[in-house]
Amino acid sequence: MTTLEAPAVAPLARHLAGPLDDEAAPVLVLSHGITDSAACWIEAIDRWTAAGYRIVALDARGHGDSPRWDASDLASRTATGARLASDLQTVLEELRAHGLHGEGPLRSPLAVVGHSMGGVTSLDVAAHRPDLVDAVVAEDPAFVTPIWRRLMAMNAFRQVREMQQIAADPQARFDLELRNNPTWSPREVRASVEAACGVDLGFIAQGCVSPPTPWQEVVDSLAVPTLIVTGTERVVLRGDNLTSLTRRANPSIQTAVIEGAPHCVRRTYPDRFHAITDPWLARHLDADASRSAERTSHRAA
């Protein structure tokens, strides 16, 4: 009897930038928030490539150029959240094993940088697979409680309707975002509006923004250097949420709060965001260069 194998899951779209031929240059894997895309990192990509990083900016499943969601992965919010994590894990496994261009095992340090949905997914993968990641930066990660998960599912239809309204008149949304957020880059606003117009509404209807692992377990398990950046206005990690995180006192985690920043911390106050994240990345990736080299040598042995 012939055994039929399950069809392979289509990989995420990757957008590369920076000194791609420099195999010693550290790698930043960028993971965006819900309804955005890799293009929404354009200002940060310009900064980080100028600093000598190689960039792998991902489109999450159902976003940008990545494949749409399969019905099986939308069967439950648990399955959907698990796919978010496995998608990122697969990318990191392939990068570690094959490099950016299939040149062989990655010999430089690698950090994952994520916002909101991408932030909590990055933390989840780093907690479960510390061998794949040398450092993590999470911008206001979408840590959610069971009650919040249920509320998001109940209200997902409103976000679907919002995406439909944006697609019906993208210029109106572009103008509104710039009026409401005068410090935002027009390039990133344009990219964000375009991403919202093409997002997979089946995924949005799930009301899922994170893997299923409880955030407390993720925080307690993290063993790689981790920087969590948040703000004080309409953010996920504020007040009791931030206090609950810091009280767990994981020595691998450092937190930074940018006063007055909303959920899009980086987009609202880019200079203040990069003043915190960039020295931290440089310090930890330089320190972890030897760790990556040892990992590669061990795998080759």
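The table below gives the values:
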quantity	calculated
From the options Arg61, Arg77, Arg54, residue that is touching a helix residue (DSSP H, G or I) at 6+ places or on another chain (Cβ under 6 Å) and among the basic types (Lys, Arg)	Arg61
Answer from Arg61, Arg54, Arg77, Arg83 - the residue that is buried (at least 18 other Cβ atoms within 10 Å of the Cβ) and within 17 Å of Leu281 (Cα to Cα)	Arg54
Number of positions in segment 247-281 that are assigned to a helix (DSSP H, G or I) and surrounded by 14 or more Cβ atoms within 10 Å (Cβ to Cβ)	13
Helices (runs of 4 or more DSSP H) fully within segment 40-155 counting 1 or more residues that are hydroxyl-bearing (Ser, Thr, Tyr) and either touching an Asp or Glu at 6+ places or on another chain (Cβ under 7 Å) or closer than 22 Å to Val236 by Cα (or both)	77-98, 117-128
Among the candidates Ala191, Ala196, Ala223, residue that is of a type outside the set (Ser, Thr, Tyr), assigned to a loop (DSSP other than H, G, I, E, B) and either surrounded by 22 or more Cβ atoms within 10 Å (Cβ to Cβ) or modelled with pLDDT of 95 or more (or both)	Ala223
Answer from Leu28, Leu74 - the residue that is in contact (Cβ under 8 Å) with a residue 24 or more places away in the chain, touching a strand residue (DSSP E or B) at 6+ places or on another chain (Cβ under 9 Å) and not polar (S, T, N, Q)	Leu28
Filtered residues of segment 18-35 (kept if among the aliphatic types (A, V, I, L, M) and within 17 Å of the chain's Cα centre (by Cα))	Val27, Leu28, Val29, Leu30, Ile34
Residues of segment 205-218 classified as free of Cβ contacts under 8 Å to residues at least 40 places away in the same chain and crowded, with 23+ Cβ neighbours inside 10 Å, total	0
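The values are calculated or read from the model by the stated rules, or taken from the named source; none is laboratory data. Small disclaimer: the values here were computed from a predicted structure and weren't measured. Please note: Cβ atoms are built from the backbone with ideal geometry, for glycine as well, and neighbour counts cover all protein chains shown.
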